[in-house]
Amino acid sequence: MAIVRGTKLSNGVRTTIRYLMIFLVSLLVIFPLYWMLVTAVQAPEVTLRYPPVLYPIDPNIKGFHAIFIEKQMGQWLINSGFVAILTTILTSILSILGAYALSWFKWRGKMAFGLMLLFTQMLPEALIVIPIFKIYSNLHWTDSLATLSLIHAAFVIPVGVWILKPAFEGVPKEVNEAAQIDGCTPMGVLRKIIIPLCSPAILAVGVVAFFASWGEYLIAVTMISTEGKYPASVGLASTMSQLDTPIQTLLSGAIVYGLPPVILYMFIQRFVISGLTAGAIKG
């Protein structure tokens, strides 16, 4: 009896510690976001008060008004959305073709192609951003959102191919053989069978591409020089460099910039997780 009570007590202590750790970790993650929101809706002099106040005093939306009216936040968000969506489309299409070629066909140089895709991920952006700028400058393709989308897609496509490859390989080969017997072409097999069956993995690739493009800064600030064409990441950074910009305005812009990816992920996280794990377990 004493052993049973001791076991229940031990389990209760472990459960309490577990929930306490979850609470502390959640607090560490959520509190900076909460403080950002509090700072965005109150006057700067209140924020700088000591000791600090943990709740908003005289809340207002002047920061949100300033970032949209005095700056070009609306246009920057549109630019970021355009670049991210175009990057997502390019990445999805080319990743599907690349993964299909690697997983369903035998051809000379297949192994070298796969290794080359891996090698591209070993190069940091800072190392190749200047050569990229030089190439596109010679082509007179700089200061273009379409060019920026193309570059973003080039960085994400290798990741997309390696996400889709195991998912495509998980489709039974017998399906392909049956489709070919019925007169279906390889592209028909891809379009009518593989893409519908692997749609969660394709969605995961699209989300990875969207997020990578939405949050990218280094290439964007190098390639785009016109303020009206800035993505939101570059626009906010340029606003931050202006020392007379109130912190209330900066954090209001940061909140607006961070909301679209969070809202998007809330709706599609289930599909993303299933897509990223597609093909991981075979049996």
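Read-outs: derived from the displayed coordinates by stated rules, not from any lab. These numbers were taken from a predicted model, which means no experiment stands behind them. Quick reminder, even Gly has a Cβ in these numbers, built from the backbone with ideal geometry, and neighbours come from all protein chains shown.
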- line: Checking segment 155-238 for chymotrypsin sites (Phe, Trp or Tyr not before Pro) in a loop per DSSP with at most 16 other beta-carbon atoms within 10 Å yields Tyr217
field: Unit Cα scatterers, Debye sum, segment 8-135: log10 I(q)/I(0) for q = 0.14, 0.15, 0.19 Å⁻¹
entry: -0.96, -0.97, -1.12
message: Tell me the Kirkwood radius of segment 134-232: reciprocal of the mean inverse pair distance over distinct alpha-carbon atoms, in Å.
response: 16.0 Å
- request: Give me Ile193, Ile96 ranked fewest to most by other Cβ atoms within 10 Å of their Cβ, as a rough exposure proxy.
  value: Ile193, Ile96
field: Most fluctuating residue given options Gly228, Gly215, Gly160, as computed from a GNM of the chain linking Cα atoms under 10 Å
entry: Gly228
query: Based on the Kirkwood radius over alpha-carbon pairs, what value in µm²/s does the Stokes-Einstein equation return for the translational diffusion coefficient of segment 2-60 at 10 °C and 1.306 mPa s?
result: 111 µm²/s
query: Using only the Cα atoms, what convex hull volume per residue in Å³ does the chain have?
result: 225 Å³
- prompt: Lys106: which aspartates and glutamates have alpha carbons under 20 Å from its alpha carbon, excluding same-chain residues fewer than 8 sequence positions away?
  reply: Glu169, Glu174, Glu177
task: With a cut-off of at most 14 other beta carbons within 10 Å, and DSSP calling the residue loop, which chymotrypsin sites (Phe, Trp or Tyr not before Pro) in segment 71-119 qualify? Please list them.
output: Phe105, Trp107
- line: With a 21 Å threshold on alpha-carbon distance, the violating pairs from Lys71/Lys229; Lys134/Lys165; Lys110/Lys134; Lys110/Lys165 are Lys134/Lys165; Lys110/Lys134
message: Report the Rg/Rh value for segment 171-283, based on alpha-carbon coordinates and the Kirkwood definition of Rh.
response: 1.21
statement: Note on the chain: helices (DSSP H) long enough, at least 24 Å by alpha carbon along their axis, and hydrophobic enough, mean Kyte-Doolittle at least 0.0, are 2-40, 73-104, 145-169, 247-276
